[in-house]
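Here the structure is laid out as structure tokens; the discussion comes afterwards.
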Amino acid sequence: MKSKIWVVAVMGLVATALSATLANAQCNPAPNYPGVMIKFDADAFAYETAYTPATFTSAVGSQLTVVGIVSVFCDPFSDLNPLDPNTEYTFVWDGLVSQGTVAQPIGSSTRYTTKYLGGGFRIYAGTPRNAPTAVTLPALPAPGVVPGAFVDGTMILSGVMTDSLNVIFTRSGTGTFTSSFRANYRCTGGTLYYRVGDAINLISGLWSPVPATNPNPPSPVGTTLLPAGWSAHPNGKWDTPITVPAVPSTWGKIKTLYR
């Protein structure tokens, strides 16, 4: 029995070490860059109240919601384990209002640009792990599951988009897609707000639209097949807020600067 317990303990340590190694590889910033704070990948999904998959267009006034599961935490949240079997870290973006999609022909390609105003985000730590993943995602509507399973637990961080969320994707003449999204954010609350404060930085990543029909595999490059009701499959990151460290001083020292 002791040997079995020892094996289980070692396996747990190995899994933790592997998780930390993978996280570190994704957290290391480039020179003169603040680096990644929070990352999300396969298990993030978008839906709207007035979106047309056949034309990849969002109607003016459409309400966008994004839900997902955090995949990586970096500084100042590197002590949080997104793979913790007892705690699930989920998020939601909501209150984003579409200004309508503009389709612009570029040679044999078409660029689709949509701006969403307003909105904010919330990140939760909850038990048990009950949010749908890419494998278990239901069709919409899914009362009690979406967005419910993504907004249960303790809110550890919240914030607002300080400008528009810009979504851009281009469909080439061959049917392949390239895409991106970005917005500036500012944190405003949550139990771990004290770790970041209200400095502004970037949320950005890729925005894979859902094709209008389920084509024969493989699906068009840059798109994602999801159950009915979903509009896109984003993946991306919150960059670490850029803060200015305080320098201890005295009133006397400050006055000497102006003499």
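The values are calculated or read from the model by the stated rules, or taken from the named source; none is laboratory data. From a predicted model like this one, the values you see are computed outputs, not experimental measurements. Here the Cβ positions follow ideal geometry from the backbone for every residue, glycine too, while neighbour counts run over all protein chains shown.
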Subset of region 208-223 (residues that are touching a Ser or Thr at 6+ places or on another chain (Cβ under 8 Å), surrounded by 13 or more Cβ atoms within 10 Å (Cβ to Cβ) and either at pLDDT below 90 or within 18 Å of V36 (Cα to Cα) (or both)) = V210, P211, P220, G222, T223
Looking only at region 154-177, and only at residues there that are surrounded by 15 or more Cβ atoms within 10 Å (Cβ to Cβ) and among the hydroxyl-bearing types (S, T, Y), the one that is modelled with the lowest pLDDT = S172
When region 115-126 is examined, which residues are found to be farther than 29 Å from R195 by Cα and surrounded by fewer than 17 Cβ atoms within 10 Å (Cβ to Cβ)?
-> none
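Being of a type in the set (S, T, Y) and at pLDDT 95 or above is the filter; apply it to region 178-201 and report the residue that is surrounded by the fewest Cβ atoms within 10 Å (Cβ to Cβ).
Result: Y194.
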How do the pairs read when you match residues in region 127-153 that are touching a residue at least 12 places away in the same chain (Cβ under 8 Å) and surrounded by 16 or more Cβ atoms within 10 Å (Cβ to Cβ) with residues anywhere that are of a type in the set (A, V, I, L, M, F, W, C) and assigned to a loop (DSSP other than H, G, I, E, B), using Cβ under 6 Å and keeping only pairs 6 or more apart or on different chains?
-> A149/A131; F150/A131
Can you tell me how many residues in region 147-190 are farther than 19 Å from D239 by Cα and part of a loop (DSSP other than H, G, I, E, B)?
-> 9
Being of a type outside the set (S, T, Y), in contact with a helix residue (DSSP H, G or I) (Cβ under 9 Å, 6 or more places away or on another chain) and modelled with pLDDT of 95 or more, is that true of even one residue in region 94-115?
-> no
Considering residues that are crowded, with 19+ Cβ neighbours inside 10 Å, farther than 20 Å from A134 by Cα, in contact (Cβ under 8 Å) with a residue 40 or more places away in the chain and in contact with a Gly (Cβ under 9 Å, 6 or more places away or on another chain), the number found within region 58-94 is 2
Do we have any residue at all in region 81-91 that's over 16 Å from the mean Cα position of the chain (by Cα) and assigned to a strand (DSSP E or B)?
-> no
Specify the residue that is modelled with the lowest pLDDT; the eligible residues are those in region 224-259 that are surrounded by 13 or more Cβ atoms within 10 Å (Cβ to Cβ) and either of a type in the set (A, V, I, L, M, F, W, C) or touching a Ser or Thr at 6+ places or on another chain (Cβ under 6 Å) (or both).
-> T224
If you check T55, T49, which single one turns out to be surrounded by 11 or more Cβ atoms within 10 Å (Cβ to Cβ), at pLDDT below 95 and out of contact with any helix residue (DSSP H, G or I) (no Cβ under 7 Å at 6 or more places or on another chain)?
-> T55
Checking V72 against (1) at pLDDT 65 or above; (2) not in a strand (DSSP E or B), which single condition isn't satisfied?
-> (2)
